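These notes concern the structure reproduced below.
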Amino acid sequence: MQYLTVPLGQHRLPPLPYSYHALEPVISGKLLEIHHSQHHKAYVEGLNKAELKLAEARGKRDYSLVKHWEREIAFHGSGHILHSIYWTSMAPIGNRWETPGTQIHNLMANYFGSFLAFQEQFSEAAINVEGSGWAGLVWQPGWGRLEILAIEKHQNFFQVGGIPLLVMDVWEHAYYLDYLSKRKEYVRSWWQIVNWAAVEKRLNLALVGQMPLVIS
């Protein structure tokens, strides 16, 4: 099994797999550009800084700020990973699978009862995240099934070992410019652009323990 090794402090902002205007009218080009080129970029830069600061601390054997920098790695690292998966969780209308693939659909039916039951629970998880955070569908290898998580502030309320397959960003910067305070409207509209082909690919990779940030 091969893994991509990222050198210390050299994480990069991944390019979007579509243009900034490709997800309209669900997500506007202006919002998507700000979200990707500013917010996601800030997480990448924060992660790189934290890694380098910890490397510096190891060199000096000075761990007086280790708690701070470990928190920064958790926060910015989670932001970078989840945003990278979020971009691939979506695709332009007419350029994606419109419904879940066979394997992910069967797993949803086995655990949630039906696709509609999964969709309803996922939507409610997203709508009811307190403050800022995410809703995520993960593969949990510990017990060999899917799970839906409401993840607050990137790193809180996340289940250890869960591999994200589909994530929805419900930080205000992900929707406020287009939907103002109407998070529920954003959540309902978002299903129109879910990239089920990518979810199926991520499931197949998760089954062998892989979680690439970018998939083709």
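The values are calculated or read from the model by the stated rules, or taken from the named source; none is laboratory data. Quick caveat: nothing in here was measured; it's all calculated off a predicted structure. Reconstructed Cβ throughout: ideal geometry from the backbone, glycine too, with neighbour counts over all protein chains shown. These area figures cover heavy atoms from the full protein model, side chains too; ligands, DNA and RNA do not enter into them. Shrake-Rupley method; radii C 1.70, N 1.55, O 1.52, S 1.80 Å.
Observations on the model:
- Restricting segment 38-71 to residues that are without any contact (Cβ under 8 Å) to a residue 24 or more places away in the chain and open to solvent by less than 40 Å² (accessible area, probe 1.4 Å), the residue that is nearest to Ile81 (Cα to Cα): Trp69
- Looking only at segment 16-31, and only at residues there that are free of Cβ contacts under 8 Å to residues at least 60 places away in the same chain and touching a helix residue (DSSP H, G or I) at 6+ places or on another chain (Cβ under 9 Å), the one that is surrounded by the fewest Cβ atoms within 10 Å (Cβ to Cβ): Pro25
- Segment 109-124 residues that are surrounded by 12 or more Cβ atoms within 10 Å (Cβ to Cβ), paired with ones that are outside any helix (DSSP H, G or I) and of a type outside the set (A, V, I, L, M) (beta carbon under 6 Å, 6 or more apart): Tyr111/Arg145
- Residues satisfying the criterion are present in segment 126-138 (criterion: under 14 Å from the mean Cα position of the chain (by Cα), part of a helix (DSSP H, G or I) and modelled with pLDDT of 95 or more).
- Residues in segment 1-15 that are touching a residue at least 60 places away in the same chain (Cβ under 8 Å) and either closer than 25 Å to Val66 by Cα or surrounded by 18 or more Cβ atoms within 10 Å (Cβ to Cβ) (or both): His11 only.
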